[in-house]
Amino acid sequence: MRPHSYESIFQLTTTLLLLPVVLAACSGDEEEPSPLAQELEFPAFGSSSAASGKGSFRFGASSSATQIEDQNEDTDWYLWTTPEPDGLGKGSIIGDAVHGYSKALDDVNLIADMHLDAYRFSFEWARIEPTRDAINEEALEHYSDVLDALRGNEIHPMLVIHHFSNPVWVDDPRDVGCADGPTDANLCGLNHPEGGDLVVQELADHARLLAERFGDRVDDWGTLNEPMVYLLSAYGFGGGPPGKPGFITDFQGGFVPAVRNFLSAHAAIYKAIKEADQIDADGDGVAASIGIPHSVQVYVPVRDGQPSEDPEDLAAVDRLRWFFEYSFIEALQQGSFDTDMDGELDEPHPEWRDTLDWLGLQYYARVGVSGLQPNVPVIDISLCAGPTCMPPVDPTYLVPAMGYESDPAGIYSLLKSYSARWPDMPLLVTESGIATEVGARRAEVIVRALEQIARVRDEGVDVRGYYHWSLLDNFEWAHGNEPRFGLYHVDYETFERTPSEGATVLGEIARTRRLSDATRAKYGGNGPMTPEPAMR
Ligand code: BGC
């Protein structure tokens with residue numbers, strides 16, 4: 001890894017989600033998908049947990065509480081998006097999202113209707129603990145009912161502790177200066193010299209509470225959803241609450257401490273769950289199987305509009321991949337922190353080691369990278385717009401609602417490179433999807449990803465499941481309600497849910513545990529997909 005200077009980094013972007021974020025991934029080592037020769041089979045998942053189910057395969061859907069729930073008024077995202085004077089008026093209003101709290105039990109039936117055997121979701125920390133140390137028992141009862149409904153339908157829950165949002169008291173976006181230091185009303189957040197440790201402790205306490213109450217029904221746990229995406233949004237560029245642009249204003253003082261503390265939070269959550277969840281709900285000998293749902297991208301080196309093998313472009317891809325993807329996971333694997341993000345782990349943290357039972361890849365975007373730009377490893381799209389930042393690889397793959405390219409078959413190279421780097425790590429695809437209004441396009445994303453997953457499994461890669469993002473259309477952070485990621489379409493006036501062609505196709509695959517020749521012929525492959533109306 002070539003060391004680089006952060007002064008020279010042209011801050012980069014992503015439209016990926018929260019706003020600004022980043023990317024990394026793999027160079028252009030994609031290979032042709034398997035020929036349409038055989039029907040592909042996915043062995044039943046049965047009762048195994050993520051850590052015990054080698055060989056088996058689960059089909060699931062994903063969601064997160066903040067993106068779907070109504071009456072969710074104590075989160076920082078609610079405050080952030082509520083119009084002034086009650087809120088900060090930033091971005092689109094979450095409001096009642098898609099009524100995912102009041103319709104939670106009905107929505108379990110939507111999962112069952114697709115014959116899925118797994119669901120990945122979060123419970124809202126701010127609803128459970130709206131003010132510090134005050135636990136809302138009614139909310140816990142509600143969530144307990146949701147778990148019962150899932151179990152009653154033989155749907156295995158995967159509960160993620162933190163998915164991009166916090167109770168306002170963790171780091172109040174109205175007082176980012178935090179001049180008086182941490183109080184119960186504002187802990188001052190992950191990057192604060194005293195508040196950081198408090199937030200780590202609170203996250204571990206919250207995880208312990210969930211493990212104590214729900215460990216009898218949950219064996220699969222995620223700690224932090226897409227940690228680097230969250231850190232860049234919240235503490236890197238400030239595109240989401242608490243809105244601290246530490247990456248730009250004070251890299252060593254404002255950003256790096258947040259990364260270090262989030263790593264500590266992962267380890268603390270892991271240990272709290274292992275201690276508090278001793279009940280093996282699935283009967284497979286594993287009471288708690290704990291991992292990270294991790295954001296990954298395919299990065300293609302591009303120069304002069306063409307795929308490039310120029311060493312400068314390849315080095316830029318490596319820097320991005322390290323910064324955005326590998327550094328967080330390698331820190332946990334080796335128990336050491338890369339304090340200046342130059343590719344060298346240089347600050348020992350043995351307490352972080354052995355805190356990962358599986359890794360979940362979450363893949364949406366293929367991005368062009370040019371080493372000619374001094375803009376890697378991080379690009380802020382608000383400062384760097386257009387093709388000079390992220391040169392297109394092939395615009396026919398564009399997802400108009402998100403501004404990046406979707407190439408679902410790219411999951412092949414990602415699964416291969418992750419399993420090559422960490423051969424003993426069980427892998428899952430914990431998110432994969434597309435923002436589209438076109439059902440056939442969603443079905444194509446599903447089938448093309450599953451074709452590649454079957455292919456890598458054949459080649460010996462230990463990938464144990466596919467969760468589609470998302471069960472329902474929902475609030476897409478800084479992008480608001482426009483991008484529609486749902487297997488079920490939501491009418492934003494009546495909140496009625498209607499299955500998309502993607503739901504029908506995934507449901508049939510999950511029911512038969514097979515990708516038939518006919519389905520592959522109709523939706524599979526790796527060429528351009530059915531276009532979005534705006535692209536026709
Ligand atoms: C996040 C989700 C988001 C999805 C689609 C993932 O990175 O975990 O919260 O909605 O991408 O952009």
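The values are calculated or read from the model by the stated rules, or taken from the named source; none is laboratory data. Fair warning: this is a prediction, and the values are worked out from it, not measured in the lab. Note that we place each Cβ from the backbone using ideal geometry, even for glycine, and neighbour counts take in every protein chain shown. Side chains included, ligands, DNA and RNA excluded: accessible areas come from the protein's heavy atoms. Shrake-Rupley method; radii C 1.70, N 1.55, O 1.52, S 1.80 Å.
Okay, here's what the table says:
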{"quantity": "Close pairs from the stretch 119-133: first within 14 Å of L209 (Cβ to Cβ), partner open to solvent by 20 Å² or more (accessible area, probe 1.4 Å) and modelled with pLDDT under 95, Cβ under 9 Å, at least 6 apart", "calculated": "R127/Q71"}
{"quantity": "Residue match in the stretch 214-235 (condition: at pLDDT 95 or above, more than 16 Å from the ligand (Cβ to nearest atom) and in a helix (DSSP H, G or I))", "calculated": "yes"}
{"quantity": "Residue match in the stretch 518-535 (condition: in a helix (DSSP H, G or I), more than 16 Å from the ligand (Cβ to nearest atom) and closer than 30 Å to G89 by Cβ)", "calculated": "yes"}
{"quantity": "Residue satisfying condition, being at pLDDT below 95, more than 16 Å from the ligand (Cβ to nearest atom) and in a loop (DSSP other than H, G, I, E, B), within set S92, S52, S102", "calculated": "S52"}
{"quantity": "Qualifying residue in the stretch 301-313 (condition: surrounded by 22 or more Cβ atoms within 10 Å (Cβ to Cβ), within 27 Å of N191 (Cα to Cα) and in contact with a helix residue (DSSP H, G or I) (Cβ under 8 Å, 6 or more places away or on another chain))", "calculated": "no"}
{"quantity": "Hey, L140 of a type in the set (A, V, I, L, M), in contact (Cβ under 8 Å) with a residue 60 or more places away in the chain and farther than 23 Å from G238 by Cβ or not", "calculated": "yes"}
{"quantity": "Some residue of the stretch 245-253 being open to solvent by less than 10 Å² (accessible area, probe 1.4 Å) and among the β-branched types (V, I, T)", "calculated": "no"}
{"quantity": "Of residues in the stretch 464-512 being assigned to a helix (DSSP H, G or I) and polar (S, T, N, Q), the one farthest from the ligand (Cβ to nearest atom)", "calculated": "T512"}
{"quantity": "Test for A272: is it in contact (Cβ under 8 Å) with a residue 40 or more places away in the chain, open to solvent by 20 Å² or more (accessible area, probe 1.4 Å), in a helix (DSSP H, G or I) and not acidic (D, E)", "calculated": "no"}
{"quantity": "Any hit, the stretch 314-327, residues being part of a strand (DSSP E or B), in contact with a strand residue (DSSP E or B) (Cβ under 7 Å, 6 or more places away or on another chain) and within 16 Å of the ligand (Cβ to nearest atom)", "calculated": "no"}
{"quantity": "Yes/no for N166 being farther than 30 Å from P426 by Cα and surrounded by 21 or more Cβ atoms within 10 Å (Cβ to Cβ)", "calculated": "no"}
{"quantity": "The stretch 114-133, residues that are part of a loop (DSSP other than H, G, I, E, B) and more than 19 Å from the chain's Cα centre (by Cα)", "calculated": "M114, H115, L116, D117, E129, P130, R132, D133"}
{"quantity": "Single residue of the stretch 55-79 satisfying the filter (away from the ligand (no atom under 15 Å from the Cβ), open to solvent by 10 Å² or more (accessible area, probe 1.4 Å) and not polar (S, T, N, Q)) that is nearest to the chain's Cα centre (by Cα)", "calculated": "Y78"}
{"quantity": "Subset of the stretch 143-180 (residues that are among the hydrophobic types (A, V, I, L, M, F, W, C), farther than 14 Å from F121 by Cβ and not in a loop (DSSP other than H, G, I, E, B))", "calculated": "V168, W169, V170"}
{"quantity": "Test result for H192, buried (at least 23 other Cβ atoms within 10 Å of the Cβ) and within 16 Å of the ligand (Cβ to nearest atom)", "calculated": "no"}
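Residues are listed down the side, and each one gets a yes or a no for (1) surrounded by 19 or more Cβ atoms within 10 Å (Cβ to Cβ); (2) of a type in the set (F, W, Y):
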{"site": "L414", "(1), (2)": "yes, no"}
{"site": "R421", "(1), (2)": "no, no"}
{"site": "S432", "(1), (2)": "yes, no"}
{"site": "V456", "(1), (2)": "yes, no"}
{"site": "V463", "(1), (2)": "yes, no"}
{"site": "F475", "(1), (2)": "yes, yes"}
{"site": "G486", "(1), (2)": "yes, no"}
